[in-house]
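For reference, the structure discussed in these notes is given below.
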Amino acid sequence: MTADTALPLHIRGLTKTFGDAAALVELDVSVPQGQVLALLGASGCGKTTLLRCIAGLMAPDAGEILIQGQVVADRNRCLPPERRKLGMVFQDYALWPHMTIGENLAFPLHMQGLGRSERSRRIQWALELVGLGGMAGRSPDTLSGGQQQRVALARAVVGQPRLLLMDEPLSNLDKSLREQLALEIRTLIDELGLTAVFVTHDQQEAYALADRVAVMQKGRIAQLAAPESLYNAPASPDIARFLDAGTLLEGQLLHQTLLLGGQAVEICPQYAHQGPVQVLFPRRGLSLDAEGPIKGSISQRVFQGEYYAVRVQLENGPQLKMQVSDCPPVNTPVRVSMNAEALCAWSSDGSPIDIKLKPQPFAIPA
Ligand SMILES: Nc1ncnc2c1ncn2[C@@H]1O[C@H](COP(=O)(O)OP(=O)(O)OP(=O)(O)O)[C@@H](O)[C@H]1O
């Protein structure tokens, strides 16, 4: 057994096809002890299929899945879920309505063959962990959505799983509860030293909970990175677009000049690549600045509480998306400056280009 195969989760060459649709394509991924992996991607990219294969709810066509070094699925075998020693949390809580909360939690412990006193000790421990101590006798339908999801979490951890799997665990809750529960789940995972994988299509949820985010596209992992790296340096224009990481513009590189929407931008240093490029201007790299070199006017501003989501219409074409703490009314002429380090660019074949803007980037038309 290699160091990799002994990890809490190690997946090699996982493939699953439904008729003509390839849901997973030779997918490799590992999760180290104590880390949380988010599977993020657009609808139909294969997130749920991957989670279901890990859980044992679906058998892959090829490849293998190892949990703590034990092969749970490969060409010859597919262990059923109850033999994988996993905890699962579902989007719709999936509590058994005819059982009390205590009975819901007792079920996985029964399956493990634990005696009555150990069961009640563990149930009390798990309910206290999620702030619901003393509620064991209540019925699930007497609880709020947030409380029900806490019970589902307690049920998932009560059996001390080797791996915690969660399928869109926060998507049924309202925004403030989502943020609060995301923090609570992360704290609980850290306190118990759990390793977890969860599915989401909400990037805020991925950033809040995960150590690493796997962005999935067409059954493959297109990028695997820590939340900050992913957002600041998406690996391709497609991922930048999916994350809505800023303004993506088509341009042309010509010697030391980048032509963008009718404006000439000087780049530094000179880059050997010539021809069409796609350039990402991240929101956080742009600011309203009376001394800024980029000229435009406010075309949209939406108050978001902590900040304004703003669009600036540039002279000669494109709009820039920005996030600023204060913003003048629509149609006000403004100037914009940008942090040259924040720029990302790709050539037409999708390979990243390391270009930096000069400190005074835009040659403003007179
Ligand atoms: N049981 C099934 N039968 C046929 N096709 C399926 C089945 N399950 C998934 N698929 C197909 O496999 C692909 C991946 O589906 P999957 O549910 O894994 O995507 P997803 O990323 O979880 O999407 P969503 O966010 O909408 O749940 C899709 O093309 C889907 O239509």
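No lab work stands behind these numbers, since they all come straight from the coordinates. Keep in mind the model is a prediction, meaning the values are calculated, not measured. Backbone-built Cβ (ideal geometry, glycine too); neighbour counts: all protein chains shown.
Using the alpha-carbon atoms, what tilt in degrees (0 to 90, nearest 10) does helix 145-158 show relative to the longest principal axis of the chain?
60
Find, among the trypsin sites (Lys or Arg not before Pro) in the stretch 174-269, those assigned to loop by DSSP (not H, G, I, E, B) with at most 16 other beta-carbon atoms within 10 angstrom.
In loop regions of the stretch 174-269 (DSSP not H, G, I, E or B), the sparsely surrounded trypsin sites (Lys or Arg not before Pro) are Lys218.
Please list, ordered by chain and number, the residues whose modelled amide H lies under 5 Å from the amide H of Ala222; skip anything fewer than 5 residues away on the same chain.
Residues meeting the amide H criterion: Val215, Met216, Gln217.
Taking the Cα centre of the stretch 245-353 as origin and charging only Cβ (+1 Lys, Arg; -1 Asp, Glu), how large is the dipole, in debye to the nearest 20? Could you put the intermediate results ahead of the total?
Working: 7 positive and 9 negative charges, 53 e Å.
In debye, rounded to 20, the stretch 245-353 gives about 260.
Distance in nm between label sites at Thr332 and Phe107, each 7 Å beyond Cα in the beta-carbon direction?
For Thr332 paired with Phe107, the spin-label model returns 5.7 nm.
Using only the Cα atoms of the chain, what are the Rg and Dmax in Å?
Calculated on Cα positions, Rg and Dmax stand at 24.7, 83 Å.
Using Cα centres only, tell me the gap between the stretch 190-216 and the stretch 37-77 in whole Å.
16
Report, by chain and number, residues whose modeled amide H sits under 5 Å from the one on Leu163, excluding near sequence neighbours (fewer than 5 apart, same chain).
Gly87
To the nearest 10 degrees, how steeply does helix 101-111 sit against the main Cα axis of the chain, on a 0 to 90 scale?
In the chain, helix 101-111 runs at an angle near 70 degrees to the longest axis.
Going by amide H atoms built from the backbone, whose H comes under 5 Å of the H on Val334, apart from near neighbours?
Amide H neighbours of Val334, under 5 Å, 5+ apart: Gly296, Ser297, Ile298.
With contacts defined as alpha carbon pairs under 8 Å and 6 or more residues apart, what's the relative contact order of the stretch 245-353 in percent? Walk me through the intermediate numbers first.
Numbers: 252 pairs, mean separation 31.8, N = 109.
The normalised contact order for the stretch 245-353 reaches 29 percent.
Projecting each Cα onto the charge dipole of the stretch 9-232 (Lys/Arg +1, Asp/Glu -1 at the beta carbon, about the Cα centre), which of Cys78, Tyr93, Gln204 comes out farthest on the positive side?
Cys78
Apply the Karplus parameterisation 6.51 cos²θ - 1.76 cosθ + 1.60, with θ equal to phi minus 60°, to every residue of the stretch 38-46 and state each ³J(HN,Hα) to the nearest whole Hz, in sequence, with x for glycine and proline.
9, 9, 10, x, 5, 4, x, 7, x
Over the chain, what is the relative contact order in whole percent, taking alpha-carbon pairs under 8 Å and six or more residues apart?
This gives 15 percent for the chain.
For a quick check of your reading of the filter: which trypsin sites (Lys or Arg not before Pro) in the stretch 1-94 sit in a DSSP loop and have no more than 15 other Cβ atoms within 10 Å?
Arg75, Arg77
Karplus couplings for the stretch 81-97 from phi (6.51 cos²θ - 1.76 cosθ + 1.60, θ = phi - 60°), rounded to Hz, Gly and Pro as x?
Per residue, the Karplus-derived 3J(HN,Hα) values read x, 5, 9, 9, 6, 10, x, 10, 10, 10, 4, 9, 6, 6, 7, 7, x Hz.
In a Debye calculation with equal point scatterers on the alpha-carbon sites of the stretch 245-353 and no solvent, what is log10 I(q)/I(0) at q = 0.15, 0.16, 0.21 Å⁻¹?
Scattering profile of the stretch 245-353, log10 relative to I(0): -0.63, -0.71, -1.12.
Which value in nm describes the separation of the simple spin-label points at Gln70 and Ser299, placed 7 Å from the Cα toward the beta carbon?
5.8
Give a residue-ordered list of calculated ³J(HN,Hα) values for the stretch 314-324 (Karplus: 6.51 cos²θ - 1.76 cosθ + 1.60, θ = phi - 60°; whole Hz; x for Gly, Pro).
7, 5, 6, x, x, 10, 9, 8, 9, 9, 10
Pairs of lysine in the chain with Cα under 20 Å and at least 8 positions apart or on different chains: total? Write down the numbers at each step before the final one.
Values: Lys16/Lys47; Lys16/Lys218; Lys47/Lys218; Lys295/Lys321; Lys295/Lys356; Lys295/Lys358; Lys321/Lys356.
Count of close lysine pairs: 7.
Hey, got a sec? Which GluC sites (Glu not before Pro) in the stretch 268-339 land in a DSSP loop and have at most 12 other Cβ atoms within 10 Å?
The qualifying sites are Glu291, Glu306.
Just to confirm the number: angle between the C-alpha axis of helix 116-129 and the first principal axis of the chain, 0 to 90 degrees, nearest 10?
Around 20 degrees separate the two axes.
Using 0.36 nm per residue of separation minus the Cα-Cα distance, give me the extension gain between Ala340 and Ala94 in nm, one decimal.
83.7 nm
Only Cα pairs under 8 Å and at least 6 apart count here; give the relative contact order of the stretch 1-119 as a rounded whole percent.
Working: 157 pairs, mean separation 27.7, N = 119.
Here the relative contact order equals 23 percent.
So what is the calculated 222 nm ellipticity per residue for the chain, using -39500 (n - 2.57) for each DSSP H run with n of 4 or more, over all residues, to the nearest 500 deg cm²/dmol?
Estimated from H runs of four or more residues: -7000 deg cm²/dmol.
To the nearest 20 Debye, how big is the dipole of the stretch 9-232 about its Cα centre, given +1 on the beta carbon of each Lys and Arg and -1 on that of each Asp and Glu?
Approximately 600 debye in magnitude.
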